[in-house]
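The values are calculated or read from the model by the stated rules, or taken from the named source; none is laboratory data. Only a predicted model underlies this, so the values are computations on that prediction, with no experimental measurement involved. Reconstructed Cβ throughout: ideal geometry from the backbone, glycine too, with neighbour counts over all protein chains shown. Just so you know, the surface numbers come from the protein's heavy atoms only, side chains and all, with ligands and any DNA or RNA stripped out. Shrake-Rupley method; radii C 1.70, N 1.55, O 1.52, S 1.80 Å.
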Amino acid sequence: AYEIRLSLVGSEMCIRDRTYSLLRDLSHEHFVSGAKLAEKYGVSRSAISDALHDASEAGIGIFSLTRKGYRLAEPIELLDLNRIRAALGSSANRVDVEVLASIDSTNSELMRRAIAGAPSGMCIASESQTAGRGRRGRVWHSALGSSLTFSLLWRFDRGAAQLAGLSLVVGLAVSRALANLTDGSLRDPGSIGLKWPNDVVACGAKLAGVLIESQGDMLGPTSVVIGIGINVNLSEAMRASIDQPVTDMRMLCDRLPSRNLMLARVLQELVIALDEFQRAGFRTFKSAWTAQHTLHGKPVRVLHVDGSAIDATVKGVADDGVLVVTVKGKDLHIAAGEVSLRASSK
């Protein structure tokens, strides 16, 4: 009889290298025998069963049939370094991509490598994270094949104080890539927008997020690790575990774009945007960013770290990316690290 094992523990699950390799050997169209897999890897059939059990625990549906073997419940596209490099085109000379099965956090790992001297343009993409992080200490939820999580190291000559607005520029680059990569499959390219300071949104829900961390001298140079998480095809269980409205590319597209192509297109847009930001700062992006800000001119609630809140109306952003809101007729400038922003219910 068929046995399907499905569960989901998201970012807490570590995918072992053997499990990751086995998933590449499985098909959703036909069964592969456990004996053949055991022979290929030089291990027991029990070891194969245990490894595939780990995949099930990570949220991958696997059918098991006595005397026939294993089959994926549905197709899954894993990251493929060769496909990513081919899709990068000329940008392959600017970024060096590494694909991992699992890591604690792509941002944490890349920051460790940055301190050890890794070059600008290094990118780490991982199928799963055991300690993925979002802004202000939040957990970034991801699961194998359902998200795209990666980090890019970029080195700037200037100091960190001169990099104001970088998270907005990154968000704009991500939104452009997602709107343009789908080759007509995106139902409404204009539905993808931005929410200050670092969210890419669609239909009022979060589609992607940005986490930027830096280290360096006050006057420069500065090493910046840009972490990006994109929701691709979230399960219902994953959606339920997230404490805010979320959407994914599956919901927005008639046909789901390739995750490999998605990564390549985002990296291409980032190379263009980061070069321009290095030259001129946020000012040259201000108009384009404002045009995509879904809360521009709207009433919002500004939530401070200490729990206090104020009601305001979004006026725009300054040349350094600081949010400008109007409170009782007066303009108030708000830095990204101070608050969270919510659409007002009024």
- If you place +1 on the Cβ of every Lys and Arg, -1 on the Cβ of every Asp and Glu, and leave all else neutral, what size is the dipole of the chain about its Cα centre, to the nearest 20 Debye? 460 debye
- Item | Apportionment of accessible area to carbon and sulfur, segment 263-304, percent (1.4 Å) | 52 percent
- Proximal charge balance of A273 [Cβ under 15 Å; K/R count +1, D/E count -1]: +3
- Query: To the nearest 20 debye, what is the magnitude of the charge dipole of segment 58-111 about its Cα centre, counting +1 on the Cβ of each Lys and Arg and -1 on the Cβ of each Asp and Glu?
  - Reply: 400 debye
- Residue-count net charge about D248 - beta-carbon cut-off 11 Å; Lys, Arg +1, Asp, Glu -1: +3
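Within the accessible area of segment 207-259, what % is carbon and sulfur when the probe is 1.4 Å and the other protein chains stay in place? Display every interim value, and only then the final one.
Numbers: 1250 of 2330 Å².
Here it works out to 54 percent.
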- Note on the structure: Reduced to Cα centres, the span from segment 21-36 to segment 268-290 in Å works out to 45 Å
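Quick one: order K328, K206, K68 from most to least accessible surface, probe 1.4 Å. Could you put the intermediate results ahead of the total?
Working: K328 200, K206 35, K68 110 Å².
Per-residue accessible area, sorted high to low, gives K328, K68, K206.
Among the complete DSSP H segments of the chain, which ones combine at least 20 Å of alpha-carbon extent along their axis with a mean Kyte-Doolittle hydropathy of -1.0 or more? Display every interim value, and only then the final one.
Numbers: long enough: 166-180 (21 Å, 1.55); 259-280 (31 Å, 0.34).
Once both thresholds are applied, what remains is 166-180, 259-280.
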- Which lysines does K330 reach when only Cα atoms under 27 Å apart count, and residues fewer than 8 places away in its own chain are ignored? K195, K286, K298, K315, K346
- If you place +1 on the Cβ of every Lys and Arg and -1 on the Cβ of every Asp and Glu, how big does the dipole about the Cα centre of segment 286-346 come out, in debye to the nearest 20? 320 debye
- Along the positive direction of the dipole of the chain (beta-carbon charges: Lys, Arg +1; Asp, Glu -1; about the Cα centre), which of S287, V246, N260 reaches farthest? S287
- Message: Based on alpha-carbon centroids, what's the gap between segment 75-109 and segment 200-266 in Å, whole number please?
- Response: 15 Å
- Item | Whichever lysines have a C-alpha closer than 23 Å to that of K40, once near sequence neighbours (fewer than 8 apart) are set aside | K68
- Note on the structure: Averaged per residue, the 1.4 Å probe accessible area of segment 195-320, protein heavy atoms only, in Å², is roughly 43 Å²
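How much net charge surrounds D320 when only the other residues with a Cβ under 10 Å from the Cβ of D320 are counted, with Lys and Arg +1 and Asp and Glu -1?
Details: positive: R283, K286; negative: D319.
After counting each charged neighbour, the total is +1.
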- Reachable aspartates and glutamates from K36, Cα under 17 Å, same-chain residues fewer than 8 places away excluded? D25, D50
- Task: Read through the labelled values (1) 48, 20, 17; (2) 38, 23, 18; (3) 34, 24, 18 and report the label of the one computed as semi-axes √(5λ) of the Cα gyration tensor in Å from the structure.
- Result: (2)
